[in-house]
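Undergrad: This is the structure I have questions about; it appears just below.
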Amino acid sequence: MKILLLEDNLYTAELLEILINAQLNNRAELIVCNDIYEANEKIVNNKDIICIISDLNMSPNGLEVDQYIETEATSITGWIWVKCYVLNNAQFENIPIIFYSAFIDDLKKSSAFDEVRNINSIELISKEEENSEETLCERIECIIEENLA
């Protein structure tokens, strides 16, 4: 079992890696990606990903030109990546997706997100909420337990 984390801020990625790995307790492997190119490579080469955690506001490098326009000045780049590369991939259509970002409100305002949110297992956790890291780790724990059952 593997969990993919897409986070472009290296400090945040490192902090989350420490927290999540402590939560995983060797029950799953965390794959940390710092950009879309790396994330695209990892989803192609890892068929046993059970969850994807993605930031929203990041460089659109790795997206197609028309997809870049949809990123709303990069504030929802992670969503565009998930929509175009993850949700269109049958192997990932039923896995939980967690957006962990300070730009959750920007995503909620996107009409393209409303159409998909209820169809897929997408959760939103704001980095600005108190105890957001704890909330994220608790959700990961539930996902691991569901996959072990």
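Undergrad: Given the criteria at pLDDT below 90, within 13 Å of the chain's Cα centre (by Cα) and either within 27 Å of Leu15 (Cβ to Cβ) or of a type in the set (Phe, Trp, Tyr) (or both), does Ser101 qualify?
TA: Considered against the rule, which asks whether it is at pLDDT below 90, within 13 Å of the chain's Cα centre (by Cα) and either within 27 Å of Leu15 (Cβ to Cβ) or of a type in the set (Phe, Trp, Tyr) (or both), Ser101 comes out as no.
Undergrad: Residue by residue through segment 1-15, note down the ones that are outside any helix (DSSP H, G or I) and open to solvent by less than 50 Å² (accessible area, probe 1.4 Å).
TA: Answer for segment 1-15, where residues must be outside any helix (DSSP H, G or I) and open to solvent by less than 50 Å² (accessible area, probe 1.4 Å): Lys2, Ile3, Leu4, Leu5, Leu6, Glu7.
Undergrad: In segment 38-60, how many are assigned to a strand (DSSP E or B) and either within 20 Å of Ser126 (Cβ to Cβ) or in contact with a Ser or Thr (Cβ under 9 Å, 6 or more places away or on another chain) (or both)? Show your work before the answer.
TA: Of all residues in segment 38-60, those assigned to a strand (DSSP E or B) come to 49-54.
Those still in the list that are either within 20 Å of Ser126 (Cβ to Cβ) or in contact with a Ser or Thr (Cβ under 9 Å, 6 or more places away or on another chain) (or both) too: 51-54.
So the count comes out to 4.
Undergrad: Please verify whether Ala112 is at pLDDT below 90 and either of a type in the set (Lys, Arg) or open to solvent by 60 Å² or more (accessible area, probe 1.4 Å) (or both), treating the condition exactly as stated. Give the derivation first.
TA: Working: at pLDDT below 90: yes; either of a type in the set (Lys, Arg) or open to solvent by 60 Å² or more (accessible area, probe 1.4 Å) (or both): no.
Judged against the criteria, Ala112 is not a match.
Undergrad: Another question, then. Give Glu93, Glu72 a once-over and let me know the one that is at positive phi, among the acidic types (Asp, Glu) and modelled with pLDDT under 90.
TA: Glu72
Undergrad: Looking at the structure I just gave you, is Asn61 in contact with a Phe, Trp or Tyr (Cβ under 8 Å, 6 or more places away or on another chain), in contact (Cβ under 8 Å) with a residue 12 or more places away in the chain and surrounded by fewer than 16 Cβ atoms within 10 Å (Cβ to Cβ)? Show your work before the answer.
TA: Values: in contact with a Phe, Trp or Tyr (Cβ under 8 Å, 6 or more places away or on another chain): yes; in contact (Cβ under 8 Å) with a residue 12 or more places away in the chain: yes; surrounded by fewer than 16 Cβ atoms within 10 Å (Cβ to Cβ): yes.
The answer is yes for Asn61.
Undergrad: Is segment 20-37 home to any residue that is modelled with pLDDT of 95 or more and part of a helix (DSSP H, G or I)?
TA: Within segment 20-37, the first condition is being modelled with pLDDT of 95 or more, and the residues that meet it are 31-37.
From what is left, the residues that are part of a helix (DSSP H, G or I) are 36-37.
Yes, segment 20-37 contains at least one residue that is modelled with pLDDT of 95 or more and part of a helix (DSSP H, G or I).
Undergrad: Can you tell which of Ile104, Ile18, Ile80 is closer than 22 Å to Ile140 by Cβ, β-branched (Val, Ile, Thr) and open to solvent by less than 30 Å² (accessible area, probe 1.4 Å)?
TA: Ile104
The values are calculated or read from the model by the stated rules, or taken from the named source; none is laboratory data. Since the model is a prediction, treat every value here as computed from it, not as a measurement. Cβ sites come from the backbone with ideal geometry, for glycine too, and all protein chains shown count toward neighbours. Heavy atoms of the whole protein, side chains included, go into the accessibility calculation; ligands, DNA and RNA do not. Shrake-Rupley method; radii C 1.70, N 1.55, O 1.52, S 1.80 Å.
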